[in-house]
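Before any comments, here is the structure.
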Amino acid sequence: KTEFAFAMPFLNPSSGEQIMPFNTYQPSLDTKDANNLVANWIQISNISDKTQKGTLYFHGFEGSELHAFPITLPAHARYDAPGHYFGGSVVGIVRWVPDDAEAEFQVRNVRYLYDNAVGSDSFDTAFQLEGAIGTGELITAPLDTRGASSIVEIANTTDNEIRVAVKVYEAHGGDPLYNKTIKLAKYASYHLITDQILGGKEGIVMLDGNAPNSVIATVMQYGRTPTLGIQYMYGIQAKSHLKR
């Protein structure tokens with residue numbers, strides 16, 4: 001039986017729209033894992049002392065709306081929505097849009113990699129991602145392809161087309177190994193697999209959107225077994241390092 005742990009930090013709630021990626025692709029490259037379930041549970045927790053309402057929007061890879069879940073949450077209640085509702089091999093973003101822009105919520109996505117295809121309570125690993133607010137500032141995150149896969153999940157958090165300058169550097173710096181500007185339609189996503197770019201080394205990704213409040217990015221790290229299955233996974237949200 002596989003044993004693993006993941007952290008659930010005590011973070012302050014946020015008000016307004018919160019966004020995060022979802023992903024039901026099977027990251028294991030071991031053929032025996034091909035049909036195992038990948039679940040994404042979207043958790044919305046109402047921190048306020050009164051009932052709140054809002055809508056949970058799911059958008060596919062190209063930005064199109066997959067579904068909208070109207071949600072009513074009593075005071076201090078939590079609602080869990082299945083991001084795997086749309087089946088396997090689907091990626092995109094989830095937007096929590098509360099009716100009251102001042103109300104505070106905790107929003108997260110918990111990804112579970114099951115070790116079976118039917119959803120029995122047995123897992124290879126799991127990890128949670130917190131809801132985020134888009135930014136137009138330069139954001140960065142570390143990469144590590146030493147016996148692992150390092151995939152940058154980038155998303156447009158606005159209803160307009162944007163451009164994001166993306167650069168990947170080795171850990172020691174120098175010229176970028178990857179330097180491209182990508183176009184993203186409204187609410188669209190882009191996944192950059194850096195395994196071949198870094199070739200088994202550590203590095204860093206830098207992302208710079210051309211519009212305010214427009215970009216979120218998460219680096220998903222997948223540790224590999226000798227058969228290219230999943231030994232562990234975790235995510236790092238790209239952050240700005242500008243001083244306030």
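The values are calculated or read from the model by the stated rules, or taken from the named source; none is laboratory data. Computed from a predicted model, the values in this text were never measured in an experiment. We place every Cβ from the backbone using ideal geometry, glycine too, and count neighbours over all the protein chains shown. Only protein heavy atoms, including side chains, enter the accessible area calculation; ligands, DNA and RNA are left aside. Shrake-Rupley method; radii C 1.70, N 1.55, O 1.52, S 1.80 Å.
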What number of residues within region 154-212 are assigned to a strand (DSSP E or B), open to solvent by 50 Å² or more (accessible area, probe 1.4 Å) and charged (D, E, K, R)? 7
Quick one: T31 ticks every box in (1) within 30 Å of N116 (Cβ to Cβ); (2) in contact (Cβ under 8 Å) with a residue 12 or more places away in the chain; (3) surrounded by fewer than 18 Cβ atoms within 10 Å (Cβ to Cβ) except a single one, so which number is it? (2)
Which condition breaks for L228 when tested against (1) open to solvent by 40 Å² or more (accessible area, probe 1.4 Å); (2) assigned to a loop (DSSP other than H, G, I, E, B); (3) more than 30 Å from T31 (Cβ to Cβ); (4) among the hydrophobic types (A, V, I, L, M, F, W, C)? (3)
Does W96 count as closer than 24 Å to Y222 by Cα and either among the small types (G, A, S) or under 20 Å from the mean Cα position of the chain (by Cα) (or both)? no
Does E153 count as of a type in the set (D, E), closer than 30 Å to S15 by Cα and modelled with pLDDT of 95 or more? yes
So how many residues does region 109-129 have that are open to solvent by 30 Å² or more (accessible area, probe 1.4 Å) and closer than 28 Å to Y187 by Cα? 2
Across region 78-112, the tally of residues that are touching a helix residue (DSSP H, G or I) at 6+ places or on another chain (Cβ under 9 Å) and within 19 Å of E17 (Cα to Cα) stands at 3
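Of everything in region 31-77, what is among the polar types (S, T, N, Q) and more than 20 Å from E17 (Cβ to Cβ)? Give them in sequence order.
T31, N35, N36 - these are the residues of region 31-77 that are among the polar types (S, T, N, Q) and more than 20 Å from E17 (Cβ to Cβ).
Residues to consider are Y234, Y222; find the one that is among the hydroxyl-bearing types (S, T, Y), open to solvent by 40 Å² or more (accessible area, probe 1.4 Å) and within 19 Å of M20 (Cβ to Cβ).
Y234
Condition check ((1) in contact with a strand residue (DSSP E or B) (Cβ under 7 Å, 6 or more places away or on another chain); (2) without any contact (Cβ under 8 Å) to a residue 24 or more places away in the chain; (3) at negative phi) across all residues:
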residue: R111; (1), (2), (3): yes, no, yes
residue: S120; (1), (2), (3): no, yes, yes
residue: A126; (1), (2), (3): yes, no, yes
residue: G131; (1), (2), (3): yes, no, yes
residue: P142; (1), (2), (3): yes, no, yes
residue: S150; (1), (2), (3): yes, no, yes
residue: I154; (1), (2), (3): yes, no, yes
residue: G174; (1), (2), (3): no, yes, no
residue: K186; (1), (2), (3): yes, no, yes
Tell me which of these E17 doesn't satisfy, since it passes every other one: (1) open to solvent by 50 Å² or more (accessible area, probe 1.4 Å); (2) under 30 Å from V118 (Cβ atoms). (2)
Report yes if F123 is out of contact with any Gly (no Cβ under 7 Å at 6 or more places or on another chain), under 30 Å from L29 (Cα atoms) and aromatic (F, W, Y), otherwise no. yes
Selection from region 81-105 of residues open to solvent by 50 Å² or more (accessible area, probe 1.4 Å) and assigned to a strand (DSSP E or B) yields E104
Note on region 56-76: residues of a type outside the set (F, W, Y), out of contact with any Lys or Arg (no Cβ under 8 Å at 6 or more places or on another chain) and open to solvent by 40 Å² or more (accessible area, probe 1.4 Å) are E62, S64, E65, L66, H67, P74, H76
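Here's the yes/no breakdown for (1) small (G, A, S); (2) under 21 Å from V215 (Cα atoms):
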residue: H76; (1), (2): no, no
residue: H84; (1), (2): no, no
residue: G87; (1), (2): yes, no
residue: V94; (1), (2): no, yes
residue: E104; (1), (2): no, no
residue: V107; (1), (2): no, yes
residue: Y112; (1), (2): no, no
residue: S122; (1), (2): yes, no
